[in-house]
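The values are calculated or read from the model by the stated rules, or taken from the named source; none is laboratory data. Predicted, not measured: the structure shown is a model, and the values here were computed from it. Cβ placement follows ideal geometry from the backbone for every residue including glycine, while neighbour counts extend to all protein chains displayed. Surface accessibility is based on the protein's heavy atoms, side chains included, excluding ligands, DNA and RNA. Shrake-Rupley method; radii C 1.70, N 1.55, O 1.52, S 1.80 Å.
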Amino acid sequence: AERNALVDQATALSSLACTLGWLFSYPTTTVAVEATSLEFVARCYVLMEEVSTGSSSLLGDGVCRCASKGGEASVRAAELRREHTRLFLVPFRPVSLEGSKWVKERTLLARKRGERFAVEQEYRSRGIARKPGSSAPCDHLSCELDYVSFLAAAEARALEDGSMSLALELKQERGRFMRDHLRDLALGVSTRVRQLSANPHLTFHARLLAA
């Protein structure tokens with residue numbers, strides 16, 4: 001029973017990190033429609049609770065604000081996409097999604113070669129390379145969240161197979177990566193978005209990052 005609970009927790013974390021990864025990529029209209037639906041908000045709330053009991057309380061009044069937004073799905077989606085453009089894409093954008101802007105020399109390799117290089121080496125240690133044609137830097141928030149999702153999914157598979165030592169190794173690697181690279185990036189982006197945006201859905205997504 002305990003192992004099943006650990007599998008469920010790692011699987012939920014993988015799903016949540018993957019979801020956040022595509023939320024902080026530029027959303028297509030289809031993605032934006034889904035990301036501003038009440039069903040999506042409720043699903044994220046459940047995932048948070050599965051990752052850590054009680055952690056969903058950290059979402060504060062974000063769920064209620066999303067619920068009170070209402071309106072046509074297409075309008076909500078368009079507003080979310082405009083806010084992404086304003087905060088993350090325009091020249092001199094107010095919020096950077098790149099780790100090198102937020103994380104300052106937490107590791108020896110980052111001090112010697114820079115944060116982006118250090119993150120890329122983390123991926124390479126697991127045999128992961130950027131997709132051909134991808135323009136996102138490897139220290140982009142969505143890329144780092146995808147990596148955490150990958151590690152958590154691998155941990156869940158190891159637990160299911162009874163490979164407890166491998167599962168522990170993956171959990172420790174995930175924790176170290178989050179400490180050394182993702183945490184300051186996620187908290188920085190979350191705080192800045194909540195300072196600058198009044199869009200209830202984007203601020204809800206930012207709360208998920210901080211939680």
Hits in segment 181-211 (condition: surrounded by fewer than 19 Cβ atoms within 10 Å (Cβ to Cβ) and assigned to a helix (DSSP H, G or I)):
Arg183, Asp184, Leu187, Thr191, Arg192, Arg194, Gln195, Leu196, Ala210
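Just need a number here: residues in segment 33-55 that are open to solvent by less than 10 Å² (accessible area, probe 1.4 Å) and either touching a Lys or Arg at 6+ places or on another chain (Cβ under 6 Å) or β-branched (Val, Ile, Thr) (or both).
2
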Scanning segment 99-139 for residues that are surrounded by 14 or more Cβ atoms within 10 Å (Cβ to Cβ), part of a loop (DSSP other than H, G, I, E, B) and modelled with pLDDT under 85 gives Arg106, Thr107, Ala136
Show the residue pairs that are 6+ apart or on different chains and have beta-carbon atoms under 8 Å apart, the first residue being within segment 158-182 and under 26 Å from Arg106 (Cα atoms), the second being open to solvent by 90 Å² or more (accessible area, probe 1.4 Å).
Arg179/Arg106; Asp180/Arg106; His181/Arg106
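Looking at the structure I just gave you, is Gln172 of a type outside the set (Val, Ile, Thr) and modelled with pLDDT under 95?
For Gln172, the condition - of a type outside the set (Val, Ile, Thr) and modelled with pLDDT under 95 - is not met.
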Report, by residue number, each residue of segment 1-32 that is among the aliphatic types (A, V, I, L, M) and either closer than 17 Å to Met48 by Cα or surrounded by fewer than 19 Cβ atoms within 10 Å (Cβ to Cβ) (or both).
Ala1, Ala5, Leu6, Val7, Ala10, Ala12, Leu13, Leu16, Ala17, Leu20, Leu23, Val31
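For every residue, the table says whether it meets (1) assigned to a helix (DSSP H, G or I); (2) polar (S, T, N, Q); (3) at pLDDT below 75.
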{"residue": "Arg3", "(1), (2), (3)": "yes, no, no"}
{"residue": "Asp8", "(1), (2), (3)": "yes, no, no"}
{"residue": "Thr19", "(1), (2), (3)": "yes, yes, no"}
{"residue": "Trp22", "(1), (2), (3)": "yes, no, no"}
{"residue": "Tyr26", "(1), (2), (3)": "no, no, no"}
{"residue": "Val31", "(1), (2), (3)": "yes, no, no"}
Considering every residue within segment 83-94, establish whether at least one is closer than 18 Å to His205 by Cα and assigned to a loop (DSSP other than H, G, I, E, B).
yes
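Which of the residues spanning segment 51-78 are assigned to a helix (DSSP H, G or I), modelled with pLDDT of 85 or more, more than 16 Å from the chain's Cα centre (by Cα) and of a type outside the set (Ser, Thr, Tyr)?
Ala73, Val75, Arg76, Ala77, Ala78
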Could you grab the pairs with beta carbons closer than 6 Å, sequence gap of 6+ or different chains, first residue in segment 7-24 and on the phi < 0 side of the Ramachandran plot, second one outside any helix (DSSP H, G or I) and surrounded by 19 or more Cβ atoms within 10 Å (Cβ to Cβ)?
none
